[in-house]
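S.K.: There's a structure below that I have some questions on.
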Amino acid sequence: MPTEHKVHSPTLGGTLAGTVPGQTPPIVVATALGAPGSPDDILAKRPLGPLFWFALAWVAIVAISAIIANLLPLQAPNFQNYTAINASPSIHHLLGTDDLGRDLLSRIVFGARVSLVVGFAAVGIGLVIGGALGLISGFKGGAFDIAFNAASFVILAFPAIVAVIAIVAFWGQTLTKITVIIGVGTIPIMFRVVRASSLSFANRDFVMAARTLGATSRRIIFREILPNVVPAAVSFGLITVAGVIVLEGSLAFLGLSVALPTPSWGNLIAEGTSNGNLQTNPYIMMWPALAMFLLLLSINLIGDRLRQRFDIREGLL
Amino acid sequence: MLKYLLKRLAQLVVISFIISVLVFLLVHLLPGDPTTIILGVNATAANRQNLLHQLGLNLPLYHQYWIWISNVFHGNLGQSYLTHATVTHTIANGFPIDLELIIISQVVAFAVAIPLALITARRPNRPLDNVATTGTFGLLALPPFLLAPIFVAVFAVGLHWFPATGYVPFTQNPATNLHDMVLPGLALTAGSIAVYYRLLRSDLIMTLQEDFITMARSKGLSNTRIMWRQAFRPSTFSLLAVAGVNIGSLLAGTFIVEYLFAMDGLGFSIVAAVQQRDYLVVQGITLVVAIAYVVLQFIIDFLFTVVDPRVIRE
Amino acid sequence: MSNRQAVGVTEGRIEFPDVTDFADPLLVVNDLHTSFRTGRGTVHAVDGVSFSVNRGTTLGVVGESGSGKTVLARSIMGLLPVRDVIRSGTVEFTGHEMTTMAPAQLRQVWGAQMSMIFQDPMTALNPVVRIGNQITDSLRLHLDIDRKEANATAVELLRSVGIPSPEERIRWYPFQLSGGMRQRVMIAIALACAPRLVLADEPTTGLDVSVQAQILDLLQAMQRERHMAMILVTHDLGVVAKRADEIAVMYAGRIVERAPTRTLFAHTRMPYTRALMNSIPRLADPSGTRLQAIAGRPPDLIHPPQGCRFAPRCPYVQDKCRESDPPLRTAASSEHVFACWFPLVDGAPPPAAGPTPSLDPETQSS
């Protein structure tokens, strides 16, 4: 733990894990100052690496194929071909079919839409609203900040899963509604992260300098603080995308995601584990599970590399 | 110290109160009501109105809230509209299951993450470290609803080592209880292992570069001793903080796991209750869960004051 | 030219002779090189340093940031990272060769025979361990005493470094103390086991000026009391002017001038040393006197320049300086060495052409 560390009741009230201003990474050995630390600078500025590009490629593949799904030479996802039930992978059905004769590859490609839309759109909502609030709140402080911070804490104390379950069950199971519900749910989390970041920059000298030059608060927020906050927000946002995709999957398992027969990866996995499908045709569960595993892995990897790049502390939660 | 505790306690009360209001509103502001479910789809409007009146559901909201909350204070959380089982009973049955799941998953997570981090933080970027880091990364991509079916497929259906469903209370038969808990517990622990390991490792690496570690070395202290007494201690704080947040997010996973393994826990009950518009059950369970979470945060806060000397004394 | 005593090395444990038994010099450093492998090349932080220190004396090592003085201190102790560090040369301490010691043996030396005082007491003290424990850690490790005795000793140590109510403060945490107090605690820790040699790395940088003097006085008093040798590393010539028996001036990884203190000030040879002296503002100067800074920047330690390393910044530079590296040679008295082609003579700048004939014949000193 960096020693310049003010911990004010880290879970309630004040900022979690405080701010870590100016804790310089291990020395630049060439100037031979201070302690010779580990010269290979373990945590900061690692090269992105081949894994990163694989991850990016996978996400791109999934995204693109989801977008152009209608143009791809696939059997319609809900079309039930009774002559090919539980077929093994073949030329006609690259990933096989399920117990109702539906093409698995097609269902996965179309199902990707749900995961990606929910994932990115929900986090988008959270980032825009929660991020804007956090940005202002961290910078301005005062009553505004106290109020919103307290509110975010109370909301986060509420078991989100229950709220989501309830709202989805009561309100309706469409893609839009689910996206909105989860999106609103990510607002307090994004608020906290952006606020912590904004707070740490608001106290820096360059903000003070901008103020002495006569800049208005609005200008400072947009020109000085926002660019510094974006890296943290983006990388954390990516990690939240992974979390949202998991949430959608979990909901699907409870029967609370997009209504069948519309495919979503969560739905597919749920189908794959019910009705004894695990014994008769494990592929039904396997392919979407694999796809989701790879997608989550990729997103986490990308978010993590970005986080390393910009030297974000995990304590910003 | 006492003043601090009292302040926190007051906050706890206020937050609980706010949560109770939120819970109530959540349930009552959404469309639909239990009458259709209780009376069936063909119920007449008149019957439904009667039932609403009977259940006290057409009173103004604040009145309903008042009735509910004063009942809660007397320990009466109400009954299920359909089964007539008391909410308290349902919670008393289900809570220990989820609690045990969470405890097991966290114990395992710490037991794996801490030693692993201590070993790899000393030699970062060596083979063991790379394997561990990649491995835990993979764990992050395996949420409970992915792991659980895989475990069931492999270990229950395939190898018959562990059961796919079922739960026996600990008090009844500890051995079977723990045995049955293995698969669900492991499905739940994966994410936590990854989170704790990565946090601790990065924290340790940072701490090991601090000047006071060099100073400790210059005193002639051995590496093992330095690791335990000097490097690990500051990191326990961030672990504690993250544990608090992590357990909160664990809730969804816990519900999924016990649902998948057909353990009669709170998750099971609440999903059913939501679908049946069983208001009181939903309210009761949500309230209890939320307050439990808040209490946990307070406990962690308190532990912080005990463990980190900087918090209160500053 | 080391003075070896018959010392026993039984089963990895090193037996150290009593302070009074051992003859000088206590520490002999010979041609020490320390380099770091980085992504951009190898940094030669310490590039051939030799000197010796006698018991009970103070050597001041002075230089700008980047001169390599801190790396030197750590290199002497052996407190360097394991990977990507290349060290060559010898460091003989009470007759034992430190550079070839196994880690377990080094740990015997550290804290007990040789210890270090770090620059920033806030970061060098563990923030979550009580002060008392940070002292007793050392005591119980190296000396064979129990907890009660260790605590009592720690209290006495705190008292001796001037911390009031030590019985109470022993349970305090570092953040509860002021900067000066923390530095005193550091000194207490470093001196706890009565080491023969203390390396003080900028012990007063970052402290208020008034506190600086107190800390230095304290160090000096402790040193005299325990007949301890000290290497005082600093960028401030003023700090060592009164407190060091001998001063070594470092530049770009090398010692460019070394002499007993009075000789250094009276018969400065290196223009760099003179420049350092000139840059110290004097109280007696009228207000408004410009500060004399040394123009330019220290050289790149990855690719050091060909000739004298100070050449780009030297006000008296000549062609020869840029072409070849001046060797270290002795001046009028044998304890005074310097490395310059055109050294100052009695404070005056060198003549424009050729070395002055009044210098001794050029001899290498080790």
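Read-outs throughout are calculated quantities, based only on the coordinates presented, and are distinct from any laboratory measurement. Owing to the predicted nature of the structure, the values given are computational and were not obtained by experimental measurement. Neighbour counts are summed over all protein chains in view; Cβ atoms, including those assigned to glycine, are modelled from backbone coordinates with ideal geometry.
S.K.: Per residue, what volume in Å³ does the convex hull of the Cα atoms of chain C enclose?
M.R.: 156 Å³
S.K.: Can you give me the P(r) profile for region C:257-354? Cα pairs, bins 5 angstrom wide beginning at 0, each as a whole percent.
M.R.: All Cα pairs, binned at 5 Å, distribute as 2, 12, 20, 22, 20, 14, 6, 3, 0 percent.
S.K.: If one takes the longest principal axis of the Cα atoms in chain B, at what angle in degrees, from 0 to 90 and to the nearest 10, does the Cα axis of helix B:233-260 lie?
M.R.: 40 degrees
S.K.: For region C:164-316, what is the charge dipole size about the Cα centre, in debye to the nearest 20, if Lys and Arg each add +1 at the Cβ and Asp and Glu each add -1 at the Cβ?
M.R.: The calculated dipole for region C:164-316 is roughly 360 debye.
S.K.: Hey, could you get me the Stokes-Einstein D for region B:1-151, Kirkwood radius over alpha-carbon pairs, 25 °C and 0.890 mPa s, rounded to whole µm² s⁻¹?
M.R.: For these conditions, the coefficient is 117 µm²/s.
S.K.: How many angstrom lie between the Cα centre of region C:133-172 and the Cα centre of region C:254-292?
M.R.: Distance between centres, Cα-based: 41 Å.
S.K.: Output wanted: per-residue J couplings in Hz (rounded whole) for region C:327-341, from phi through Karplus 6.51 cos²θ - 1.76 cosθ + 1.60, θ = phi - 60°, x for Gly and Pro.
M.R.: x, 7, 9, 7, 9, 3, 9, 5, 7, 10, 10, 7, 10, 7, 6
S.K.: Here is a further query. Report P(r) for region C:65-212: all Cα-Cα distances, bin width 5 Å, range 0 to the bin holding the largest distance, values in whole percent.
M.R.: Bin by bin from 0 Å, the calculated values are 2, 9, 18, 20, 19, 15, 10, 6, 2, 0.
S.K.: Near the amide H of C:LEU199, under 5 Å away, which other amide H atoms are found, from residues 5 or more places off or on another chain, if H is placed in the peptide plane?
M.R.: C:SER115, C:MET116, C:ILE117, C:ILE231
S.K.: I've got another one for you. For region A:214-292 and region C:23-63, what is the separation of their Cα centres, given in Å?
M.R.: 58 Å
S.K.: Using a 10 Å Cβ count of at most 15 others and DSSP loop calls, identify the longest part of chain C lacking such trypsin sites (Lys or Arg not before Pro).
M.R.: C:84-170
S.K.: Net charge near A:ALA210, counting Lys/Arg +1 and Asp/Glu -1 over other residues with Cβ under 11 Å of its Cβ?
M.R.: +2
S.K.: Could you check what % of the DSSP bridge pairs in the protein assembly as shown are antiparallel, to the nearest 5?
M.R.: Antiparallel bridges: around 65 percent, rounded to the nearest 5.
S.K.: Can you tell me the dipole magnitude for the protein assembly as shown around its Cα centre, using point charges on the Cβ only (Lys, Arg +1; Asp, Glu -1), in Debye to the nearest 20?
M.R.: In debye, rounded to 20, the protein assembly as shown gives about 1420.
S.K.: Still on this structure, I have one more. What does the average come to when, for each residue of peptide B:247-257, you count the partner chain Cβ atoms lying within 10 Å of its Cβ?
M.R.: Counting Cβ atoms of other protein chains within 10 Å of each residue's Cβ and averaging gives 5.
S.K.: Which residue fluctuates most in the GNM of chain B (Cα springs below 10 Å): B:LEU139, B:LEU51, B:LEU200?
M.R.: With Cα springs under 10 Å in chain B, the top fluctuation among B:LEU139, B:LEU51, B:LEU200 is at B:LEU51.
S.K.: Measuring from the lowest to the highest alpha carbon on each principal axis, how far does region A:180-317 reach, largest first, in angstroms?
M.R.: 72, 28, 20
S.K.: Return the sequence-ordered ³J(HN,Hα) values of region C:75-80 in whole Hz as given by the Karplus equation 6.51 cos²θ - 1.76 cosθ + 1.60 applied to θ = phi - 60°, using x for Gly and Pro.
M.R.: Along region C:75-80, the couplings run 5, 4, 6, x, 8, 10 Hz.
S.K.: Could you tell me how many degrees, from 0 to 90 and to the nearest 10, lie between the Cα long axis of helix B:266-275 and the main elongation axis, the longest principal axis, of the Cα atoms of chain B?
M.R.: Approximately 40 degrees, to the nearest ten.
S.K.: Name the long-range amide H neighbours of C:ARG254: under 5 Å, sequence gap of 5 or more, or other chain; modelled H, no Pro or chain starts.
M.R.: Those lying under 5 Å, H to H, from C:ARG254 are C:ASP47.
S.K.: How compact is region B:1-41 by the rule of thumb for globular proteins, expressed as Cα Rg over 2.2 N^0.38 Å?
M.R.: Compared with the compact-globule rule of thumb, region B:1-41 sits at 2.01.
S.K.: Looking only at other chains, what is the average number of their beta-carbon atoms within 10 angstrom of each beta-carbon in B:227-240?
M.R.: For this peptide, the per-residue mean of nearby foreign Cβ atoms is 3.
S.K.: About its Cα centre, what dipole magnitude does region B:198-314 give when the only charges are +1 on Lys and Arg Cβ and -1 on Asp and Glu Cβ, stated in debye to the nearest 20?
M.R.: 600 debye
S.K.: Separate question: Which residues' amide hydrogens lie under 5 Å from the amide hydrogen of C:ILE302, considering only partners 5 or more residues apart or on another chain, with H built in the peptide plane?
M.R.: C:HIS44
S.K.: Still on this structure, please answer the following. Taking 0.36 nm per intervening residue step and subtracting the Cα-Cα distance, what contour gain separates A:ALA132 from A:SER88 on full extension?
M.R.: Extending this stretch completely gives an extra 10.8 nm.
S.K.: Please state, as a whole number in µm²/s, the translational diffusion coefficient that the Stokes-Einstein equation yields for region B:94-243 at 37 °C and 0.692 mPa s, with Rh defined as the Kirkwood radius across alpha carbon pairs.
M.R.: The diffusion coefficient I find is 192 µm²/s.
S.K.: Turning to a different aspect of this structure: Of the listed peptides B:154-165, A:286-297, what is their order by residue-averaged count of other C-beta atoms within 10 Å, with the highest listed first?
M.R.: Ranked from most to least packed, the peptides come out as A:286-297, B:154-165.
S.K.: When only Cα pairs under 8 Å and 6 or more residues apart are kept, what is the percent relative contact order across region A:251-302?
M.R.: Dividing the mean separation by the residue count of region A:251-302 yields 25 percent.
S.K.: Follow-up question, since we're still on this one. Hey, what angle do you get for helix C:147-160 against the long axis of chain C, alpha-carbon based, 0 to 90 degrees rounded to 10?
M.R.: Tilt of helix C:147-160: around 40 degrees.
S.K.: Then there is this: With runs of 4+ DSSP H residues as the only contributors, calculate the mean residue ellipticity of chain B at 222 nm using -39,500 (n - 2.57) per run, divided by the residue total and rounded to the nearest 500.
M.R.: The helix contribution divided over chain B gives -24500 deg cm²/dmol.
S.K.: Compute the relative contact order of region B:137-236 as a whole-number percentage, counting only Cα pairs closer than 8 Å that sit 6 or more residues apart in sequence.
M.R.: So the answer I get is 27 percent.
S.K.: What percent does the relative contact order of chain C come to when contacts are Cα pairs within less than 8 Å and at least six residues apart?
M.R.: 18 percent
S.K.: Dipole of region C:71-123 (Lys/Arg Cβ +1, Asp/Glu Cβ -1, origin at the Cα centre): which of C:GLN113, C:PHE93, C:THR123 lies farthest to the positive side?
M.R.: Checked the options; the winner is C:THR123.
S.K.: Per residue of region A:58-63, what does 6.51 cos²θ - 1.76 cosθ + 1.60 with θ = phi - 60° give for ³J(HN,Hα)? Whole Hz please, x for Gly and Pro, Karplus curve as stated.
M.R.: With coefficients 6.51, -1.76 and 1.60, one gets 4, 4, 4, 4, 4, 5 Hz.
S.K.: Averaging the inverse of every distinct alpha carbon separation and then flipping it gives the Kirkwood radius. What is it for region A:129-257, in angstrom units?
M.R.: Taking every pair of different Cα atoms in region A:129-257, averaging 1/r and inverting gives 16.0 Å.
S.K.: Quick check on region A:209-255: what are the equivalent-ellipsoid semi-axes from the Cα gyration tensor, as sqrt(5λ), descending, whole Å?
M.R.: 40, 10, 4
S.K.: Separation between the C:SER333 and C:GLN306 pseudo-spin-labels, each 7 Å from Cα along Cα→Cβ, expressed in nm?
M.R.: It is 3.8 nm.
S.K.: Another question, if that's okay. Just to be sure I understand the curve: with the Debye formula and one point per C-alpha of the protein assembly as shown, what is log10 I(q)/I(0) at q = 0.07, 0.08, 0.10 Å⁻¹?
M.R.: -0.74, -0.90, -1.19
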